[in-house]
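Take a look at the structure below.
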Number of protein chains: 2
Amino acid sequence: MRTKVKAHTNIALIKYWGKRDERLNLPAVGSISLTLDALWTETEIEFNVRFKTDRLILNGQPATEKELRRTSKFLDLLRQRAGLSSPALISSKNNFPPAAGFGSSASGFAALTVAAARALKLELSGRELSIFARQGSGSAARSIFGGFVEMHAGRLADGSDAFAEPIVPPDYWDVRLLIGVTSQVAKKVSSTAGMNLSKETSPYYQAWINAQPVDLKTMRRAIEQRDFEQIGQLAEHSCLKMHALALSSNPGILYWNGVTVEAMHSVRDLRASGTQAYFTIDAGPQIKALCLPEDEPKVRAMLESIPGIQQVISCAPGPAPQILEVE
Amino acid sequence: MRTKVKAHTNIALIKYWGKRDERLNLPAVGSISLTLDALWTETEIEFNVRFKTDRLILNGQPATEKELRRTSKFLDLLRQRAGLSSPALISSKNNFPPAAGFGSSASGFAALTVAAARALKLELSGRELSIFARQGSGSAARSIFGGFVEMHAGRLADGSDAFAEPIVPPDYWDVRLLIGVTSQVAKKVSSTAGMNLSKETSPYYQAWINAQPVDLKTMRRAIEQRDFEQIGQLAEHSCLKMHALALSSNPGILYWNGVTVEAMHSVRDLRASGTQAYFTIDAGPQIKALCLPEDEPKVRAMLESIPGIQQVISCAPGPAPQILEVE
């Protein structure tokens, strides 16, 4: 009962912010993402009745109590479904720094879901896997699929309609996302804490929720029509609306640093000069520039020329989680 | 019929963003400001029937056609009231760079209103002066008074209830506003253009309007109670809500540069270490830190230590416009 799985992170083009149910981790809004090939988590899991407790190794180090508790609680959902109670040994590593707005929880919980389900011999559909993954981390549900993916907010109290599904096949269209790393420091306010604060204190929260369905519909159609300009403009607008929501919370949450903001201006300047590049930013300080493959060298050169950008990572659309080993 | 007037700019602590009537320049929300002693405009005006047309000299240079038109149109309101049609020669100078988020139009139109009214021998109350000044520039209405000032949005279609008035006497309380200059470049999107775009495209616009009355009431009470912590927190929240509104417009408006954002974090870091400092930012890239007089050296040192801050200007509460010369 040992499995090793590799899952990729994803970037939301229509952003997710806000929970309609915190216990079941049900999103208040749907979202649309692109799974990324270059950033991934590899997770190995073994269930064994002879283990005394769950143990979690993250990037070669024992995890904190809090991380272990979150993981055990999540695994309980899958153990319950399988009718098993064996403790697990989990070893997980990322190829990118954690908690810096890279969505390590997305690839992490996607990998853990697929690995645990397989190790427990559960036969689950993609939809079911995404529903499990969502309970570990909202954005993980989208990493159950490759390419352009939509997460549905759903309406049901039990969350059975809050699942992700692919919009198009994983190899539908080659676009590029270039990540400009501006900081490796963990963010001060976690996404969950930020979302809760926005829900409780922002006067803009309800307006954010209300505007989302139109954005989702427009983005879906733009992807189906390969309308890159529409995709880019809408992604930038959704990103700015999400950060505006965070800023309008009380006290306001500012995920950007100076380099993030200079890079936002640089992306727009490059666009004004005729290159189709658009930015998006998660709950962290990294800048992400969306472009077409033929413009990648120009966009990379622009990002590399910004003082304070430490590294630029090029991503193409990534696949669904892959099972690497089964024992 | 020649007069020279000095008027001071002001900083909004509860921000103004959005117009309910563009022709009469009626604000969609009230605002609360502090008039600043260190930044001012001196305006000299002469009405003379022998002049052929209005002429406007700004900082020693002939004004642009657009600036002249705006000024002439504004003076027509006062000429109409006085029953006179003499053209005017206006010479105006600021002690700070224009169009960089310093509110040069606030002190400029306040000085022009008071100077023109006096030259035209109009006997106007402060309220009437503020109603005239508002038609030149929304923020100018507040610069008709010294110290802490409230501008009322009003409800009447003719704008007769959209006026400013002092909340407390001008010398009520000594606080400090330190301006960190991050750029001398004129902003890309004017306040008026930004406000119109927000009204037309931001999903958050109505929520911004709806939340304002509570902020105004809370700020008024905090000023009356000299509750500096409350004033500072609320000023920061109002500033972030205004910029969030600009960012959520489509396309999103980003008035900050990298230094602005680094300074925002630095103000918060200083506060976390025990010094009461709060930021506010107008529609431009300058950072403004509000503090008590005894903390001014610490706050100044903090701002001066941020790479990219070109200059720090200390302001105390400023007076109402002063008539310097009458002929």
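Computed from the coordinates by the stated procedures, all read-outs in this text should not be read as laboratory data. From a predicted model like this one, the values you see are computed outputs, not experimental measurements. Quick reminder, even Gly has a Cβ in these numbers, built from the backbone with ideal geometry, and neighbours come from all protein chains shown.
Name the residues of segment A:269-289 whose amide N is less than 18 Å from a point 7 angstrom out from the Cα of A:Lys298 along the C-beta direction? Under cut-off, by backbone N: A:269-280, A:289. Between A:Gln206 and B:Val49, what is the FRET efficiency for a Förster distance of 45 Å, r being their Cβ-Cβ separation, to the nearest 0.05? Plugging the Cβ-Cβ distance into 1/(1 + (r/R0)^6) gives 0.15.
For a quick check of your reading of the filter: which trypsin sites (Lys or Arg not before Pro) in segment A:16-48 sit in a DSSP loop and have no more than 14 other Cβ atoms within 10 Å? Working shown, then result.
Working: sites: A:Lys19, A:Arg20, A:Arg23; in loops: A:Arg23.
Counting only loop positions with at most 14 other Cβ atoms within 10 Å, the trypsin sites (Lys or Arg not before Pro) in segment A:16-48 are A:Arg23.
For q values of 0.17, 0.21, 0.25 Å⁻¹, compute log₁₀ I(q)/I(0) with the Debye formula on a Cα-only model of segment B:272-327, without solvent. Log-scaled intensity ratios, in q order: -0.66, -0.89, -1.14. Dividing the Cα radius of gyration of chain A by its Kirkwood radius returns 0.96 for Rg/Rh.
Relative to the globular-protein estimate of 2.2 N^0.38 Å, the Cα radius of gyration of segment A:2-173 stands at 0.97.
How large is the helix-only mean residue ellipticity at 222 nm for the protein assembly as shown, computed as the sum of -39500 (n - 2.57) over DSSP H runs with n ≥ 4, divided by its residue count, in deg cm²/dmol to the nearest 500?
Numbers: 16 runs with 240 residues, N = 654.
Calculated at 222 nm, the ellipticity per residue is -12000 deg cm²/dmol.
Between the C-alpha center of segment A:14-40 and that of segment B:223-288 there is a gap of 29 Å.
Here the simple spin-label model places points 7 Å from the Cα toward Cβ, and for B:Leu24 and A:Thr275 these points are separated by 5.0 nm. Working note: Karplus 6.51/-1.76/1.60 with θ = phi - 60° gives segment A:140-146 the couplings 5, 4, 6, 7, 6, 10, x Hz, where Gly and Pro are set to x.
The value given for segment B:176-315 is a Kirkwood hydrodynamic radius of 15.8 Å, derived from the mean inverse Cα-Cα separation.
Modelled spin labels at A:Val168 and B:Gln61, positioned 7 Å past Cα toward Cβ, are 4.9 nm from each other. Pairs from the table (B:Lys52/B:Lys73; B:Lys93/B:Lys188; A:Lys19/A:Lys241; B:Lys19/B:Lys121; A:Lys73/A:Lys217) lying more than 26 angstrom apart at Cα are B:Lys19/B:Lys121; A:Lys73/A:Lys217. For segment B:87-94, 3J(HN,Hα) computed residue by residue from phi via the Karplus equation (6.51, -1.76, 1.60; θ = phi - 60°) reads x, 10, 10, 10, 10, 9, 9, 9 Hz, glycine and proline entered as x.
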